[in-house]
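Take a look at the structure set out below.
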Amino acid sequence: MDEPAFPAGRYRIAHLRREPVFDMRLSAERVVSRPADEVFAFFADAANNPLWQAGMVSCEWTSDLPIRVGSTYRQKARFMGRDVVSTFVVRRLEPGRVIEIETVESTFPIKVIRRVEPIDEGSTRVTAEITGGPDRGLFKLIAPIMQKRAQATVDTDYDRLVQLLETSASSD
């Protein structure tokens, strides 16, 4: 029997999610002088994103808490002078260790994996891997230039995360 021209699922998925035209690979690694469970709780909660991510205008959960695989949130950010509105879904969650999020609606589709690793009782290694990139428009045209700017933004964001968490520790 011949295979259909559009196999079940493939056609539909292609229309729901655009693939990036330029695949950026960004990363960050920092050490935070805070216990791993506190660090994870803070950065796994998307509502905290505007506190430490530059350009983040708003971020709110669109599904009921607690956070679990399948939870969704919507965020609005400004990047390189443009609004980027995205809806994310939690794809993987290992409480206290790993959260993986991915856009399901965006002009800038990305996947983010954030991990924490306890170093000792009061220190934690934080790592992030961000992949994806623009799928159309102006972003598509300037994607190669954007790679450096995006990495610089990620570095600054994770520096801000460390400062915020360590400063809140000293005021506890």
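Residue count for the range 84-101, restricted to those that are modelled with pLDDT of 95 or more and part of a strand (DSSP E or B): 12. Scanning the range 1-49 for residues that are among the β-branched types (Val, Ile, Thr) and either at pLDDT 90 or above or part of a strand (DSSP E or B) (or both) yields a total of 3. Filtered by the rule that a residue be surrounded by 17 or more Cβ atoms within 10 Å (Cβ to Cβ) and farther than 16 Å from residue 99 by Cα, the range 69-89 gives 75, 77, 79, 84, 86.
Scanning the range 54-79 for residues that are more than 15 Å from residue 106 (Cβ to Cβ) and either modelled with pLDDT under 95 or part of a loop (DSSP other than H, G, I, E, B) (or both) returns 54, 63, 64, 65, 66, 67, 68, 69, 70, 71.
The values are calculated or read from the model by the stated rules, or taken from the named source; none is laboratory data. No experiment lies behind these values; they were computed from the predicted model shown. Cβ: placed from backbone, ideal geometry, glycine included. Neighbour counts: every protein chain shown.
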